[in-house]
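Peer 1: There's a structure below that I have some questions on.
The values are calculated or read from the model by the stated rules, or taken from the named source; none is laboratory data. Since this is a predicted model, take the numbers as computed values, not measurements. Please note: Cβ atoms are built from the backbone with ideal geometry, for glycine as well, and neighbour counts cover all protein chains shown.
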Amino acid sequence: MTLSSPHTFLQPEDWVPAKGYANGVLAEGRTVYTGGLVGWNARQEWEHSDMAGQFRQTLQNIVAVLAEADARPEHIVRLTWYITDKREYLDNLKAFGAAYREIIGRHYPAMAVMQVVALMEDAAKIEIEATAVIPTEG
């Protein structure tokens with residue numbers, strides 16, 4: 001286990017460390033679950049047709065929803081990403097990393113990324129679900 005406030009990241013001692021995500025997270029407190037959020041703005045209008053732009057907006061949307069519960073990006077314990085094009089994702093890793101660090105910071109919770117055939121919103125190229133745990137006071 002690796003202690004990291006406000007949660008404990010689970011890293012088996014004999015495993016190669018995960019890069020850009022955690023293998024597991026131990027957390028205690030109030031839990032916040034987002035729905036699957038996509039990369040449109042607050043008016044449900046698309047400002048970006050590319051996956052990297054939609055990713056940035058999706059992260060901003062996650063932070064906005066979490067703020068409604070007084071949660072912050074460092075409270076995120078799990079992210080599940082659904083992408084429509086693995087190649088577009090892999091070709092834009094630097095842009096994804098820069099946006100992630102700018103909006104979420106250097107906080108890497110448990111994550112899963114999967115390619116899907118399509119998302120419910122036809123223009124969407126990425127959808128992300130977030131789970132956050134706000135630590136118990138005291």
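Peer 1: Does segment 28-50 include one or more residues that are without any contact (Cβ under 8 Å) to a residue 60 or more places away in the chain, loosely packed, with under 13 Cβ neighbours inside 10 Å, aliphatic (A, V, I, L, M) and over 30 Å from D85 (Cα atoms)?
Peer 2: no
Peer 1: Given the criteria closer than 19 Å to G53 by Cβ and hydroxyl-bearing (S, T, Y), does Y108 qualify?
Peer 2: Details: closer than 19 Å to G53 by Cβ: no; hydroxyl-bearing (S, T, Y): yes.
No, not satisfied.
Peer 1: While we're looking at this one, here's another question. Out of the residues in segment 78-93 that are over 30 Å from T8 (Cβ atoms) and free of Cβ contacts under 8 Å to residues at least 12 places away in the same chain, state the one that is surrounded by the most Cβ atoms within 10 Å (Cβ to Cβ).
Peer 2: D91
Peer 1: In addition: Of all residues in segment 10-22, which are assigned to a loop (DSSP other than H, G, I, E, B) and out of contact with any Phe, Trp or Tyr (no Cβ under 7 Å at 6 or more places or on another chain)?
Peer 2: Q11, P12, E13, D14, W15, V16, P17, A18, K19
Peer 1: If you don't mind, there's one more thing I want to ask. Among V113, V63, V25, which is the only one that is under 27 Å from L10 (Cβ atoms), at pLDDT below 95 and surrounded by 12 or more Cβ atoms within 10 Å (Cβ to Cβ)?
Peer 2: Answer to the selection: V25.
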